[in-house]
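Values in this text are rule-based calculations from the coordinates and carry no lab data. It should be emphasised that the depicted structure is a prediction, and the values quoted were computed from it without experimental measurement. Positions of Cβ are backbone-derived with ideal geometry, glycine not excepted, and every protein chain shown enters the neighbour counts.
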Amino acid sequence: MTSGKDDEELFRQRGFGIKIGFGERPALILIDMLKGFTDSSMPLGANLDSQIEAQKPMLEVAHQRGIPVIFSTVIYDEQDMKDAGLWGIKMKGSLTLKAGTEAVKIDPRLDMRSSDSLLVKKYASCFFGTDLVPRLLNQRVDTLIITGCTTSGCVRATAVDAVQNGFRPMVVREAVGDRSKAAHDQSLFDLNAKYADVVGLDETLQYMKTVGHNR
């Protein structure tokens, strides 16, 4: 068993963590930045104030440059929560994500515009059971800039599915968060080793400001 710096060195020696790199046509996705997750007093909530502050300039640049923006939310429509499946049994906090409640609305601190897309999902990955792949393909997107929550859950699942579907997952370190710091840190390490590039906010903003197809 290894830990910490030993892990990093072992993974580096064995060829993990090779950079994928940004592509030519990005989209920005904000995963589950809904009140049920951003209000720390709610069963599924956590303090994501710093993540919201990191997402704001990314949203601004995306809107200025015509980069597609996708918000996701989780909404269960059926009274008996059958559309939550076994996940609703495993995670009782899902009961708070009922259609028509405040919990499923995007946090109003984020500048969601009518030109942005809203993706409604039932499970962790933004790809599972949704039309995200054709949405991205229709706009010839090759790079998915990933922000949101939680790092160990829906962010991780979306990043894994992104690379499996041929999109470059770029997880922005400052713009993703979790209820657990340990889960957050381990997930970022593992994502960067195997599935995605974990990138900084500054380099992502610079990329978004200069990527050629949006000139």
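Okay, here's what the table says:
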{"quantity": "Potential lengthening between residue 77 and residue 50 on full extension [0.36 nm per residue; Cα-Cα distance subtracted]", "calculated": "6.6 nm"}
{"quantity": "Mean residue ellipticity (222 nm) of the chain, computed from DSSP H runs ≥ 4 via -39,500 (n - 2.57), nearest 500", "calculated": "-10000 deg cm²/dmol"}
{"quantity": "Furthest towards positive pole of dipole, 154, 143, 201, structure part region 132-215, Cβ charges", "calculated": "143"}
{"quantity": "Shape of region 93-206, Cα gyration tensor, a/c cut at 1.5", "calculated": "rounded"}
{"quantity": "Contact order normalised by residue count of region 120-173, Cα under 8 Å, 6+ apart, percent", "calculated": "39 percent"}
{"quantity": "For the chain: relative contact order, % (alpha-carbon pairs under 8 angstrom, 6 or more apart)", "calculated": "27 percent"}
{"quantity": "Size of charge dipole - the chain - debye, nearest 20, with Cβ of Lys, Arg +1 and Asp, Glu -1, no other charges", "calculated": "340 debye"}
{"quantity": "Amide H contacts under 5 Å for residue 126, placed H, 5+ residues apart", "calculated": "158"}
{"quantity": "Global form of region 1-158, assessed from the alpha-carbon gyration tensor, a/c cut-off 1.5", "calculated": "oblate"}
{"quantity": "FRET efficiency estimate (nearest 0.05) - Cβ-Cβ, residue 120 to residue 92, R0 25 angstrom", "calculated": "0.75"}
{"quantity": "Magnitude of the charge dipole, region 36-148, Cβ model with Lys/Arg +1 and Asp/Glu -1, debye to 20", "calculated": "220 debye"}
{"quantity": "For region 29-80 versus region 129-174, the gap between their alpha-carbon centres in whole angstrom", "calculated": "14 Å"}
{"quantity": "Descending Cα extents along the principal axes, region 173-214, whole Å", "calculated": "37, 21, 12"}
{"quantity": "Fraction of beta bridges assigned by DSSP in region 18-153 that are antiparallel (%, nearest 5)", "calculated": "5 percent"}
